[in-house]
Amino acid sequence: MRLPRNPRRAYDADGNEIPPVTVGQSLAEGYRTVMAYCEAHNCGHGAEVPLKGWPADLPVPDMALSLRCSQCGSRRVKMMVNVKELYARAHDAGSSGR
Ligand SMILES: [Zn+2]
């Protein structure tokens, strides 16, 4: 028996849902923003979304449910790690020696 898949969740090779990271976990890890990308055809608009102000137990992928593309109005929004922050963190970790 297979459960219906949630498009906002990741699944491992066995089809088990991988628990999504929550807003609180992301903040605890030092992230301040996430990227929201519009999936509408011919749009692809991307925006940084501050994590602050969202419920701590909200899964980051579910932030998309409350967002709408500011460019085309589409609700087909996908949440991604803010790569700029990720690189900045990796750089800090490398230079501080901690
Ligand atoms: Zn859009």
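The values are calculated or read from the model by the stated rules, or taken from the named source; none is laboratory data. Quick caveat: nothing in here was measured; it's all calculated off a predicted structure. Positions of Cβ are backbone-derived with ideal geometry, glycine not excepted, and every protein chain shown enters the neighbour counts. Side chains are part of the model used for accessible areas, which takes the heavy atoms of the whole protein and leaves out ligands, DNA and RNA. Shrake-Rupley method; radii C 1.70, N 1.55, O 1.52, S 1.80 Å.
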Q: Roll a 1.4 Å probe over the protein heavy atoms and report the accessible area of Tyr11 in Å², nearest 10.
A: 50
Q: Express the carbon and sulfur contribution to the solvent-accessible surface of the chain as a percent, rounded to the nearest whole number, probe 1.4 angstrom.
A: 54
(Q) Can you tell me the length gained on complete extension of the stretch Asp12 to Cys43, counting 0.36 nm per residue apart and subtracting the Cα distance? (A) 8.2 nm
Q.
What's the magnitude of the charge dipole for the chain around its Cα centre, counting Lys and Arg as +1 and Asp and Glu as -1 at the beta-carbon? Answer in Debye, nearest 20.
A. 260
Q: Would you mind checking which residues have amide H under 5 Å from Thr22's amide H? H placed 1.01 Å from N; only 5 or more apart, or other chain.
A: Val60
Q | Per residue convex hull volume, Cα atoms of the chain, in Å³ | A | 140
(Q) Which order do you get for Cys43, Cys38 if you rank them by accessible area with a 1.4 Å probe, largest at the top? (A) Cys43, Cys38
(Q) Using each residue's phi in region 56-64, evaluate 6.51 cos²θ - 1.76 cosθ + 1.60 at θ = phi - 60° and report the 3J(HN,Hα) Karplus result to the nearest Hz, with x for Gly and Pro. (A) 4, 8, 6, x, 3, x, 7, 4, 4
Q: Let me have the 222 nm mean residue ellipticity of the chain computed from DSSP H runs of 4+ only, each contributing -39500 (n - 2.57), with the sum over all residues rounded to the nearest 500.
A: -6000 deg cm²/dmol
(Q) If you count only protein heavy atoms with a 1.4 Å probe, what accessible area per residue comes out for the chain, rounded to a whole Å²? (A) 71
